[in-house]
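Structure first, then comments.
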Amino acid sequence: MMAIIGGTGLADLADLSDTRRRVVRTPYGDPSCALTFGRIGGTDIVFLARHGYGHTIAPHQINYRANIWALREVGAERIVAVATVGGIRQAFGPGQIIIPDQIIDYTHSRPSTFFEGPDAAVTHVDFTEPYDPGLRRMLLDSAACAGITVHDGGCYGCTQGPRLETAAEIRRMARDGCDLVGMTGMPEALLARELGLPYACIAVVANHAAGLESSRQGISMTGIREVLDEAIGRVHQLLTACC
């Protein structure tokens, strides 16, 4: 079964058939919402809205551990996460879709591991390639077959939120090698790795990052909504092509 985590702009999957919802409890508290089960084509799907179905949970308040644990608990074998981001690299303008291959974590104070507590052994996991290469290849091949333009590779810089970044912070992130900026990529990707779940991301660029191009004087929330209304349609097509 494939899990899909929806971010801003993707609070549900209209293409799901035979749907049902299930509330899942975890040792780490409640996930963002009840899980929605269904099918796309011949593939069993479990869907989770990262910010809740009413988009009420801020990025720094998401219970990432409960979300990933719940998906594993119900039998998910791999996770495709959809994330709305700002574009730092010049080629990554509004409306572009990227399948990132690297991540830099700028977050703080988020519970970020399952391996902690008085009785837990010290455990290190390899995170050289934070996104599963096989799952990334499936997304890229599916996009090609469906005629959807996506970019292969990019570094996602994950900030704390919920505020957007300053222009100076974006300049620093560019110097660090970041191509995209978002608020939800970590610790989500790491927690999936700790539970042995292949994880990949579909990053949708909603706007130029702060201080760049059309966002030089500020970021338009209205403009973001307009871009997402169009781009999320292509994300739906890509997810359908994967199934």
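Read-outs: derived from the displayed coordinates by stated rules, not from any lab. Given the structure is predicted, the values throughout are model-derived calculations rather than measurements. Note: ideal-geometry Cβ built from the backbone for every residue, glycine included; neighbour counts use all protein chains shown.
Given contacts defined as C-alpha pairs under 8 Å and at least six residues apart, what's the relative contact order of the range 1-102, whole-number percent?
On the way: 173 pairs, mean separation 35.9, N = 102.
About 35 percent, as a whole number.
Projecting label points 7 angstrom from Cα along Cα→Cβ for His236 and Asp119 puts them 4.7 nm apart. Remark on the range 133-191: ratio of C-alpha radius of gyration to 2.2 N^0.38 Å is 1.37.
Taking other Cβ atoms within 10 Å as a rough exposure proxy, Ile232, Ile104 sort from fewest to most as Ile104, Ile232.
Convex hull volume of the Cα atoms of the range 2-242, normalised per residue: 120 Å³.
If you restrict to DSSP beta bridges whose two residues both lie in the chain, what percentage is antiparallel, to the nearest 5? Don't jump to the answer; show the numbers that get you there.
Details: 14 of 41 bridges.
Restricted to the chain, the bridges split so that about 35 percent are antiparallel.
Take the Cα of Arg137, step 7 Å toward its Cβ, do the same at Ala58, and the gap between the two points is 4.2 nm.
When both bridge partners sit in the range 1-112, DSSP labels roughly 55% of those beta bridges antiparallel. Going from the residue with the fewest nearby Cβ atoms within 10 Å to the one with the most, Leu10, Leu180 rank Leu10, Leu180.
When both the range 20-67 and the range 161-222 are represented by their alpha-carbon centers, they are found 22 Å apart. Counting only DSSP H runs of at least 4 residues, each contributing -39500 (n - 2.57), and dividing by the residue count of the chain, the helix-based mean residue ellipticity at 222 nm comes to -8000 deg cm²/dmol.
Neighbour counts of other C-beta atoms within 10 Å: give me Val204, Val125, Val85 arranged from fewest to most. Mind showing how you got there, number by number?
On the way: Val204 26, Val125 12, Val85 29.
Ascending number of Cβ neighbours within 10 Å: Val125, Val204, Val85.
Give me the percent relative contact order of the chain, please, defined on Cα pairs under 8 angstrom at least 6 residues apart. Rounded, it is 26 percent for the chain. Gain on full extension, evaluated as 0.36 nm per residue between Arg21 and Asp152 minus their Cα-Cα distance, stands at 43.8 nm.
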